[in-house]
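The values are calculated or read from the model by the stated rules, or taken from the named source; none is laboratory data. These numbers come from a predicted model, not from an experiment. Backbone-built Cβ (ideal geometry, glycine too); neighbour counts: all protein chains shown.
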Amino acid sequence: MTQPHFPLCAVVGADDLKLALCLAAIDPRIGGVLIEGPRGMAKSTLARGLADLLASGQFVTLPLGATEERLVGTLDLDAALGEGRAQFSPGVLAKADGGVLYVDEVNLLPDHLVDLLLDVAASGTNVIERDGISHRHPARFVLIGTMNPEEGELRPQLLDRFGLNVALHGHTAPAERGQIIRRRLDFDSDPVAFCAEWSQAQQHLRDRCQQARDLLPAIALDDASLAQITERCFAAGVDGLRADLVWLRAARAHAAWRGAQAIAVDDIDAVAEFALRHRRRERTDPAAAPSPPPAPGERAAEPRGGQGQWGDLPPRALPTGTRRDVPGWPKKP
């Protein structure tokens with residue numbers, strides 16, 4: 001008998017992360033979720049709880065120190081040459097099909113493995129090629145990665161390829177801490193009884209996700225929503241176009257989560273930080289667009305705060321008939 005997962009609905013707090021996980025379950029094409037935070041923040045508990053919202057309930061963990069063959073699987077070339085068929089031994093990607101693939105400390109994995117993981121997560125297909133022989137199989141899963149930024153960062157190119165990004169903070173109020181510990185102790189004492197106690201709430205959450213999945217295809221990725229998102233991505237200074245696509249899909253999933261028939265401004269706002277947090281380059285107000293360049297003959301606008309250009313001095317009246325030469329004073333730009 002498999003060990004029950006801690007129900008997602010029983011997790012105290014972490015509302016943003018729970019929402020992001022549900023959105024990824026509604027539309028896996030969003031591209032998975034990267035969870036950042038210090039140790040002891042129940043990141044793996046939350047990821048395991050997500051598996052219960054999917055049809056298969058499959059939860060697969062990528063082992064630490066896994067090789068590429070362990071990840072993608074292997075081909076028996078002797079069998080292929082002798083019997084004329086490719087004999088495939090499945091790897092972690094094949095076992096995760098239909099469920100959740102959890103990668104702890106993804107920032108400590110070799111870059112080429114992270115790249116491979118993200119490629120398969122985006123395409124939904126794993127292809128293995130050895131000496132002219134190839135095999136492909138479906139690998140549709142929700143990718144959940146975790147990392148502690150204090151132990152190393154992911155390259156921006158890899159960060160960008162995670163659909164959503166949520167940060168957990170370790171400073172929790174005493175009352176909430178006590179509630180978290182009490183529920184954890186109750187679960188550890190009798191997992192079956194604890195899950196039975198939360199079964200109705202968990203079933204409601206499961207049904208809501210399934211209803212949202214059923215509703216999703218009917219919600220248009222409309223031009224008005226896209227126009228708002230592209231403007232805000234431009235204002236945030238993000239590189240590339242993946243943020244726009246992820247944001248639009250996440251907004252649609254949020255509309256489905258609400259049971260709505262179309263994307264609203266509230267849906268766009270609700271998922272903005274998930275899509276922009278790891279992609280934003282400008283740390284100014286994301287709603288403020290860059291100032292346009294000055295027209296010919298016009299002086300450029302002063303920076304916000306009225307500081308002007310370096311080297312400028314305020315105008316000052318001089319006594320009549322007095323001439324002052326300041327040798328070497330820099331000309332105004």
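For every residue, the table says whether it meets (1) crowded, with 19+ Cβ neighbours inside 10 Å; (2) within 13 Å of residue 251 (Cα to Cα); (3) touching an Asp or Glu at 6+ places or on another chain (Cβ under 7 Å); (4) in contact (Cβ under 8 Å) with a residue 24 or more places away in the chain.
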site	(1), (2), (3), (4)
197	no, no, no, no
212	yes, yes, no, yes
222	no, yes, no, yes
235	no, no, no, yes
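For the range 222-280, what are the residues that are small (Gly, Ala, Ser) and within 20 Å of residue 25 (Cα to Cα)?
Correct list: 243, 250, 251, 253, 255, 256, 259, 260, 262, 270, 272, 275.
Yes or no: residue 241 surrounded by fewer than 12 Cβ atoms within 10 Å (Cβ to Cβ) and of a type outside the set (D, E, K, R)? Taking the combined requirement at face value, the residue satisfies it. When 83, 69 are screened for being modelled with pLDDT of 80 or more, exposed (fewer than 15 other Cβ atoms within 10 Å of the Cβ) and not small (Gly, Ala, Ser), only 69 passes.
Before we move on, is residue 15 at negative phi and at pLDDT below 85? In short, no.
Here is a yes/no grid of residues against (1) under 19 Å from residue 66 (Cα atoms); (2) among the charged types (D, E, K, R):
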| position | (1), (2) |
| --- | --- |
| 97 | yes, yes |
| 101 | yes, no |
| 104 | yes, yes |
| 139 | yes, no |
| 148 | no, no |
| 158 | yes, no |
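Pairing residues of the range 131-148 that are touching a residue at least 12 places away in the same chain (Cβ under 8 Å) and farther than 13 Å from residue 103 by Cβ with residues that are among the charged types (D, E, K, R) and surrounded by 16 or more Cβ atoms within 10 Å (Cβ to Cβ), at Cβ distances under 7 Å and at least 6 apart in sequence or on separate chains, gives 138/97; 139/97; 140/97. Among residues of the range 252-274 that are touching a residue at least 12 places away in the same chain (Cβ under 8 Å), those with a Cβ under 6 angstrom from a residue that is charged (D, E, K, R), sequence gap 6+ or separate chain, pair up as 253/27; 254/267; 255/267; 263/252.
Considering the conditions (1) surrounded by fewer than 13 Cβ atoms within 10 Å (Cβ to Cβ); (2) in a helix (DSSP H, G or I); (3) of a type outside the set (Lys, Arg), residue 121 is excluded by exactly one of them, (1). Only one of the numbered conditions (1) surrounded by fewer than 16 Cβ atoms within 10 Å (Cβ to Cβ); (2) over 26 Å from residue 115 (Cβ atoms) is violated by residue 63, and that is (2).
Figure legend. Inter-residue proximity from the range 163-191: first residues in contact (Cβ under 8 Å) with a residue 24 or more places away in the chain and under 17 Å from residue 39 (Cα atoms), second residues hydroxyl-bearing (Ser, Thr, Tyr) and surrounded by 11 or more Cβ atoms within 10 Å (Cβ to Cβ), beta-carbon distance below 8 Å, spacing 6+ or different chains. Indicated pairs: 180/172. Each residue in the range 232-264 was checked for being over 18 Å from residue 20 (Cα atoms) and not in a helix (DSSP H, G or I), and 7 of them qualify.
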